[in-house]
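Notes follow the structure.
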Amino acid sequence: MSRLDLPAERLPACCRLADDESLRGQIEATGHWKVQGSLIKSRLLYLQMKHGIPALKRILASLPEEDRAVLTKTVFVGEWYGLPLLTRLDAAIFAELGDVNQRLAEELGAFSAEVNLGGMSESLLQRDVESFLERAAVFSPTFQSFGSAHYEAGPSQGDHREAMISLRYDSAPPTRYCQSGVGYFRRAVELCGGRNVSVAIMACRREGASECRFRIRWQPGGVVGSAL
């Protein structure tokens with residue numbers, strides 16, 4: 001059983017829903033962090049494509065006025081936006097959709113990879129998975145202004161491959177942020193041609209670890225195209 005298939009009380013702290021008070025504290029602690037508009041835009045596109053315009057409108061209506069003012073205008077993929085905006089948007093998505101599936105955050109991350117990586121040229125995607133993950137660690141600052149990423153190749157057994165991506169932050173990221181990363185890395189590896197991909201959170205900054213660590217396992221295969 002994957003750690004992400006466990007009962008809610010046994011999930012890693014970064015994969016549990018936060019109550020309102022905890023969420024406010026997380027937003028305050030990470031208020032200076034920024035993300036690229038591409039991450040926010042992929043959330044809006046996910047809602048529109050997977051759940052329809054009515055659900056999108058309800059979620060936007062539940063947000064503070066200052067957030068609605070930003071999200072109802074054009075969100076530019078290459079501009080920086082405060083992480084609290086994304087955190088509040090994600091919380092509203094979980095509240096509206098009920099989060100009956102513990103993997104909703106993963107679905108959001110996977111969709112982000114599909115949107116932001118699926119149309120990339122062969123310079124980034126049409127390589128072996130190891131090269132992509134190593135480059136992803138280098139390019140992490142182009143998608144978020146906080147933290148540093150490190151790639152470490154793992155042991156290979158036959159046609160099975162393994163790698164570790166470590167993300168070091170000056171404070172813990174908001175809950176569910178790393179869980180969306182699980183979906184992001186899984187879909188990204190699939191887009192590079194990896195088969196039977198599994199991603200596990202091995203260490204959690206929110207649980208007191210010095211960094212968030214993702215173990216990624218896959219089997220090599222052929223490059224696949226975007227499903228969008």
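The values are calculated or read from the model by the stated rules, or taken from the named source; none is laboratory data. As the structure is a prediction and not an experimental result, all values here were calculated from the model. Cβ placement follows ideal geometry from the backbone for every residue including glycine, while neighbour counts extend to all protein chains displayed.
Residues that are aromatic (F, W, Y) and part of a strand (DSSP E or B) within the stretch 146-188 comprise just one, Y151. For P141, work out the one condition from (1) closer than 19 Å to A188 by Cβ; (2) at pLDDT 85 or above; (3) part of a helix (DSSP H, G or I) it doesn't fulfil. The failed condition is (2).
Taking the residues in the stretch 189-199 that are out of contact with any Phe, Trp or Tyr (no Cβ under 7 Å at 6 or more places or on another chain) and not in a helix (DSSP H, G or I) as candidates, determine which candidate is surrounded by the fewest Cβ atoms within 10 Å (Cβ to Cβ). Filtering first and then ranking leaves S198.
Mind checking which residues of the stretch 35-52 are of a type outside the set (G, A, S) and buried (at least 18 other Cβ atoms within 10 Å of the Cβ)? Answer for the stretch 35-52, where residues must be of a type outside the set (G, A, S) and buried (at least 18 other Cβ atoms within 10 Å of the Cβ): V35, Q36, L39, I40, K41, R43, Y46, L47.
Residue pairs whose Cβ atoms lie under 6 Å apart, separated by 6 or more positions or on different chains, with the first residue in the stretch 146-159 and on the phi < 0 side of the Ramachandran plot and the second surrounded by 12 or more Cβ atoms within 10 Å (Cβ to Cβ) and of a type in the set (S, T, N, Q), are A149/S140; H150/S166; D159/Q219.
Selection of the stretch 92-138 for residues being under 20 Å from Q219 (Cβ atoms) and either modelled with pLDDT under 90 or more than 16 Å from the chain's Cα centre (by Cα) (or both) yields L117, L125, Q126, R127, D128, V129, E130, S131, F132, L133, E134, A136. Go through (1) among the small types (G, A, S); (2) within 27 Å of A92 (Cα to Cα); (3) modelled with pLDDT of 90 or more and name the single condition G194 misses. It is condition (2) that G194 fails. Restricting attention to the stretch 200-225, the residues that are out of contact with any Asp or Glu (no Cβ under 8 Å at 6 or more places or on another chain), assigned to a strand (DSSP E or B) and under 20 Å from F146 (Cβ atoms) add up to 4. A search for C-beta distances below 6 Å between a residue of the stretch 27-38 that is touching a residue at least 60 places away in the same chain (Cβ under 8 Å) and any residue that is among the hydrophobic types (A, V, I, L, M, F, W, C) and assigned to a loop (DSSP other than H, G, I, E, B), counting only pairs 6+ apart in sequence or on different chains, returns W33/F146; Q36/F143; S38/V77. Taking the criterion of being over 19 Å from R24 (Cβ atoms) and touching a Leu at 6+ places or on another chain (Cβ under 8 Å), the residues of the stretch 71-98 that qualify are L71, T72, V75, L97.
Let's see how each residue does on (1) assigned by TED's automatic domain parsing to the domain that holds E96; (2) touching a residue at least 24 places away in the same chain (Cβ under 8 Å); (3) within 28 Å of S140 (Cα to Cα); (4) part of a helix (DSSP H, G or I):
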{"position": "R24", "(1), (2), (3), (4)": "yes, no, yes, yes"}
{"position": "I40", "(1), (2), (3), (4)": "yes, yes, yes, yes"}
{"position": "L56", "(1), (2), (3), (4)": "yes, no, no, yes"}
{"position": "D67", "(1), (2), (3), (4)": "yes, no, yes, yes"}
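Selection over the stretch 171-197 of residues that are of a type in the set (A, V, I, L, M) and under 18 Å from R24 (Cα atoms) gives a count of 1. Is it true that A153 is over 17 Å from the mean Cα position of the chain (by Cα) and within 15 Å of A203 (Cα to Cα)? No: the conditions fail for A153.
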